[in-house]
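Colleague: Just passing along the structure, written as structure tokens.
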Amino acid sequence: MTGQELIQVKYTGDISIVRDYINISAQTICILIIGILVWRILIAYHNKRNKGRFKTTYFESSYSKHWRK
């Protein structure tokens, strides 16, 4: 390509459109990865919190354990 063709392509917007699409797709992928990481961290925190929770035996009785039989 000659210098004149490069200048014409630059000012018609063909190059900037591709660059904008690349930036938007990179941002979308980054947001998706960050969202998945935050989601997994929250699940791990929630599971850890549930394991440490005190379970009451108030509702456990011989009837409630065997009511389906």
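The values are calculated or read from the model by the stated rules, or taken from the named source; none is laboratory data. Keep in mind it's a predicted model, so treat the numbers as computed, not measured. Glycine also receives a Cβ, built like all others from the backbone with ideal geometry; neighbour counts cover every protein chain displayed.
Colleague: Quickly run through the range 31-69 and pick out the residues that are at pLDDT below 90 and among the hydrophobic types (A, V, I, L, M, F, W, C).
Modeller: Phe54, Phe59, Trp67
Colleague: Which one of Thr28, Thr2 is of a type in the set (S, T, N, Q) and surrounded by 10 or more Cβ atoms within 10 Å (Cβ to Cβ)?
Modeller: Just a single option satisfies the conditions, and that option is Thr28.
Colleague: Right, something else. Quick check on the range 4-30: of everything there that is over 20 Å from the mean Cα position of the chain (by Cα) and of a type in the set (A, V, I, L, M, F, W, C), which residue is modelled with the highest pLDDT?
Modeller: The first filter runs over the range 4-30 and keeps only residues over 20 Å from the mean Cα position of the chain (by Cα), leaving 4-21.
Filter again for of a type in the set (A, V, I, L, M, F, W, C), leaving 6-7, 9, 15, 17-18.
Working: Leu6: 73, Ile7: 77, Val9: 74, Ile15: 66, Ile17: 71, Val18: 73.
Out of the qualifying residues, it is Ile7.
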